[in-house]
Amino acid sequence: MTVSLKDYSREEIEDMALIELAKVILLEQKQAMDFYELYDKVAEAKGLTEEEKEDRMTLFYTELNMDGNFKSLGSNKWILKRYYRGEKTSDAS
């Protein structure tokens with residue numbers, strides 16, 4: 001089952017936290033996104049004004065860092081941990 005913002009009503013989106021919207025967007029993308037691109041998509045879905053975007057950006061960034069569902073790939077790229085395929089080491093010789 002694919003999750004998409006299109007699956008939610010305007011009212012449901014308005015009631016969602018920014019971090020929840022980010023999860024939906026990254027589930028839809030299934031790949032890493034630049035922080036600003038992700039935040040712009042979240043803000044657009046939420047209908048934030050430019051002033052609201054500026055006011056909430058720091059909190060959103062903090063939530064991304066603290067929420068265990070997200071992983072920073074460096075260079076301001078973020079991904080859901082479920083899609084992260086990092087280096088794996090093997091003990092087999």
* First compute the accessible area of segment 15-81 with a 1.4 Å probe, then give the percent of it belonging to carbon and sulfur atoms. => 44
* Under 25 Å between alpha carbons - lysine pairs in segment 17-88 that sit 8 or more apart or on different chains -> 26
* By how many degrees, between 0 and 90 and to the nearest 10, does the Cα long axis of helix 50-66 differ from the longest principal axis of the chain? -> 30
* Structure fact -> Each label sits 7 Å from Cα toward the beta-carbon; between Lys77 and Glu54 the label points are separated, in nm, by 3.1
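The values are calculated or read from the model by the stated rules, or taken from the named source; none is laboratory data. Not measured: the values here are computed from a predicted model. All Cβ positions, even for glycine, are placed from backbone atoms using ideal geometry, and neighbour counts span all protein chains on display. Protein only, heavy atoms only, side chains kept; ligands, DNA and RNA dropped before computing areas. Shrake-Rupley method; radii C 1.70, N 1.55, O 1.52, S 1.80 Å.
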